[in-house]
Amino acid sequence: MKRLLACFGLCCALSAASAQSFDEYFEDRTLRLDYVMAGNNHEQHIYFEQAYASPRWAGRKARLGEMFLRGNGQLTVSDHKTGRTLYVHTFSTLFQEWQATEEATRLNRAFQTSYNVPMPRQKVDVTVTLTDFHGRESARLTHTIDPADILIRQTGQASTPHYYMWKGNGRQDNEPADITGCIDLAIVAEGYTEAQMGKFYHDCQRAVDALFAREPFASLKERFNVVAVAPVSTDSGPSVPRMGVWHNTAVGTHYDTFYSDRYLTTSRMHHLYDLLAGIPFEHIIVMVNTDLYGGGGIYNQVDISTSDHPTFSQVLVHEFGHSYAGLGDEYFYDDGYESMYPADTEPWEPNLTTLVNFESKWADMIPEGTAVPTPPAVIPNHRFIKTDEERRELNAATQRVGVFEGGGYQSKGVYRPAQECRMKVNEVNDFCPVCCRAIRRITDFYTSH
């Protein structure tokens, strides 16, 4: 009973916060907050670095106090006088991924991160928390932001060249983008020299075409704006440490993150936000000018994808599933240093379960009589597809909803909703029905009024 009452109280608080008028508490401007997260595998700290203000607010103006997905971290903006929750943002970080590596047992490291919130009209308290793999709080920082503070740096209008590749809600080329009614996606050039900017815009169009080619994004296209942001790099292509290649590029991406060949990331998140200053955005794709396989996607932080590998479209959409919808990886190999999905904790990702609280996931989508766990069907091995018929059989496996063991990098104890899915292998075209629903739901969350 106490738990039910507590949940009821939380729901009432969230409903009250989400029902508030945006204009009552916020201005139509963006407050950017830069942080550094540091520590090791057992100790974490959060440090506030700098605040910035820029014109226009591109984020949601409704459901402000709701936590749609828990993520691995939460940022809460509260009224300084009353303590009332005004805005909630959730996220994951590269720092928390690093904590699961062996290196984190013997070294302290620091990672940059930045978050945009609407500019408050009055003084607010900002609380940033990190949670561990069990969903327990592992670090917390609370600090006060006064919008009248003279040390909030004013960034003004955008200085990085940019061009809208797509405007949603039926907007024409000569009309301004509807940044309040659409989700604003920025695609940022990385490793493109000045002479290669024509290629960048061409690659951006390929990215738009790939993202909206298949469901559910095809049906959701009118709810997105896509802006190409074109900072110039001195060198062409990203850094590849294992090859001794270090390039001077706009975003500073490099392969071999955590010594994994294909993990392509950047540690320069503050600089990435500098490049985007004055441009309305909510989500980021960094388009890296290379034909090497790799990429990375972190929920509510960044999607990093390559431009010229044969799997360009598959990897870009897969990583966007991470960064935009908080979808988890559905493949597995059991070679992680530490389990990211302990058996006693239900994952927050909508497409993974440990069966601790499966009713909160896709239990309502399973056909009656389906075994749990669900035995896999005999389908063609995705690594050895040779015929169109085999490919059709493989893609058909994405539509059968069940509870298949293996996911979140673990072969045992973690379950995924389909035998094959866009979040599991590059060889299938589609998201499974569970991932499709998750994408639609989070899109509704961002665009509801």
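No lab work stands behind these numbers, since they all come straight from the coordinates. Here the structure is a predicted model, which is why all the values come from computation and not from measurement. Here the Cβ positions follow ideal geometry from the backbone for every residue, glycine too, while neighbour counts run over all protein chains shown.
The order of the peptides 226-235, 100-109 by mean Cβ neighbours within 10 Å, most packed first, is 226-235, 100-109.
Here volume of the Cα convex hull per residue in Å³ was computed from the coordinates, and among (i) 244; (ii) 158; (iii) 167 the match is (ii). FRET efficiency for M67 and D146, Cβ-Cβ distance as r, R0 = 25 Å, nearest 0.05? After rounding, the FRET efficiency stands at 0.50.
Report note on the peptides 210-222, 273-285: ranked by the mean count of other C-beta atoms within 10 Å, highest first, their order is 273-285, 210-222. Of G83, G181, G296, the residue with the greatest mean-square motion in the GNM of the chain, using alpha carbon springs below 10 Å, is G83. Taking a Cβ cut-off of under 13 Å around A377, the surrounding Lys, Arg, Asp and Glu residues balance to a net charge of -1, with basic ones at +1 and acidic ones at -1.
Compare the Cα positions of Y333, A363, L272 along the charge dipole of the chain (+1 at Cβ of Lys, Arg; -1 at Cβ of Asp, Glu; about the Cα centre) and return the one farthest towards the positive end. Of the candidates, A363 comes out farthest on the positive side.
Going by neighbour counts of Cβ atoms within 10 Å, the residues C182, C435 line up, fewest first, as C182, C435. Sorting F384, F68, F312 from the fewest to the most surrounding beta carbons within 10 angstrom yields F384, F68, F312. Measuring nothing but how far apart in sequence close Cα pairs (under 8 Å, 6+ apart) lie, relative to its length, the stretch 13-154 scores a relative contact order of 31 percent. Residues in the stretch 367-381 carry Karplus couplings, in order, of x, 4, x, 5, 6, 10, x, 9, x, x, 7, 7, 10, x, 5 Hz; the curve used is 6.51 cos²θ - 1.76 cosθ + 1.60 with θ = phi - 60°, and Gly or Pro positions show x. Each stretch of four or more DSSP H residues adds -39500 (n - 2.57); spread over every residue of the chain, this sum gives -6000 deg cm²/dmol at 222 nm. Phi angles across the stretch 36-41 convert, under the Karplus curve 6.51 cos²θ - 1.76 cosθ + 1.60 with θ = phi - 60°, into 3J(HN,Hα) values of 10, 10, 9, x, 8, 6 Hz, Gly and Pro given as x.
Other residues with beta-carbon under 12 Å from the beta-carbon of D308 carry, at +1 per Lys or Arg and -1 per Asp or Glu, a net charge of 0. Ranked by the mean number of other Cβ atoms within 10 Å per residue, highest first, peptides 417-423, 320-326, 50-56, 260-266 order as 417-423, 320-326, 260-266, 50-56.
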